[in-house]
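Input: a single structure, listed below in structure tokens.
The values are calculated or read from the model by the stated rules, or taken from the named source; none is laboratory data. None of these values were measured; they are calculated from a predicted model. Neighbour counts run over all protein chains shown; Cβ positions are idealised from the backbone, glycine included.
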Amino acid sequence: MTAIFVQKNAGSDTGISAWIILPSIVLTGLFLLDILTTQLILKLGGIELNPLMTGVVSSPFLHMLLKIGILLLVITVAIIAEARVKGSGMALYAALIIMYSVIILNNASVLLTLL
């Protein structure tokens, strides 16, 4: 019985990396969906409305490279934030997941109007 208790505690104290896996996978999926839907919109004659991304989205490779860089930055910031203030890293992920979900929904609605 004691061994089980120790294992549970050891599992939760092994570091902050375990909690970061699922939100990182979700955010990666949302980034990929953003890239895919944006590229489809552009191919169907739509335009990028974000002036900061206009030059980036013209190249799918550059778009993907930027999203990878952002994802690595988010993971780093989330780990540092979580180490300093418990729950702050997860709060960052929650905000970004909500934001990118809205972006994907918007892109999907734009795609429906273009089809």
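Anything in region 89-115 that is small (Gly, Ala, Ser) and under 16 Å from residue 24 (Cβ atoms)? List them, or say none.
89, 91, 94, 95, 101, listed by residue number.
Among the candidates 66, 71, which residue alone is at pLDDT 90 or above and either among the acidic types (Asp, Glu) or out of contact with any Ser or Thr (no Cβ under 8 Å at 6 or more places or on another chain) (or both)? Break it down stepwise before answering.
On the way: 71 fails: either among the acidic types (Asp, Glu) or out of contact with any Ser or Thr (no Cβ under 8 Å at 6 or more places or on another chain) (or both).
Among 66, 71, only 66 is at pLDDT 90 or above and either among the acidic types (Asp, Glu) or out of contact with any Ser or Thr (no Cβ under 8 Å at 6 or more places or on another chain) (or both).
Give 80, 97 a once-over and let me know the one that is farther than 20 Å from residue 40 by Cβ, at pLDDT 95 or above and not acidic (Asp, Glu).
Working: 80 fails: at pLDDT 95 or above.
Of 80, 97, the one residue that is farther than 20 Å from residue 40 by Cβ, at pLDDT 95 or above and not acidic (Asp, Glu) is 97.
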